[in-house]
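Worksheet: the structure to be examined is printed underneath.
The values are calculated or read from the model by the stated rules, or taken from the named source; none is laboratory data. The structure presented is a predicted model; accordingly, all values stated were derived computationally and were not measured. In this analysis, Cβ positions are derived from the backbone assuming ideal geometry, glycine residues included, and neighbour counts consider all displayed protein chains.
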Amino acid sequence: MDHGVRTADGGASPAQHPAEAQQLAVRLEYLFAHVQPLGRRHTLQEVVDGIKDDGGGDTTLSVGRLSMLVNGKVPNPTVGTLRSLARFFGVPTAYFVDDDVAAQTMAQLGLLNALRSNDVQAVALRAAAAAASSAHGLDLVRTLVEQAGRTAAGTADRPAGPAAPPD
């Protein structure tokens, strides 16, 4: 008999959810936050509808089940569900289970978002071509793009000391 603590919605408390479910929730949240072709965050219904419209995906995925995945309440989603979510968000299925693939994918998505938001694509793409072989390189390029955007907007961090003399 299960004597575990339950939340108001009847689910197990977060402390009872395995680390894998929480890790999946974090990775899904990252996709919702960074994959926004409509210029805004996808709704759960849009994701479910998109997967069903795809035809090759998990047609049994419901908004409720997706909500449970996003909130870390489902420890073992099916491979079909992971494939469908990966296809919808345009990431490799391994993103959900492999830390190295997840890090690389997150770095790439971060770079893409930085490119879109700062409108410095030409410079960043040249730098990205040189750094594309590693997640660290992509993360570095994203940071440089973000700094360039802040500089262009006049919000760059100013040095604490006196200005350096010109070269």
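Below is a table of values for the structure above.
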item	result
In the range 72-81, the residues that are out of contact with any Asp or Glu (no Cβ under 6 Å at 6 or more places or on another chain) and either among the β-branched types (V, I, T) or within 13 Å of L31 (Cα to Cα) (or both)	V74, T78, V79
Set T151, T105, T143, T155: member being modelled with pLDDT under 70 and assigned to a helix (DSSP H, G or I)	T151
Residue count for the range 58-82, restricted to those that are of a type outside the set (A, V, I, L, M, F, W, C), surrounded by fewer than 17 Cβ atoms within 10 Å (Cβ to Cβ) and part of a helix (DSSP H, G or I)	3
Per-region count, the range 43-60, residues at negative phi and without any contact (Cβ under 8 Å) to a residue 24 or more places away in the chain	9
Qualifying residue in the range 14-22 (condition: part of a helix (DSSP H, G or I), modelled with pLDDT under 75 and of a type in the set (A, V, I, L, M, F, W, C))	yes
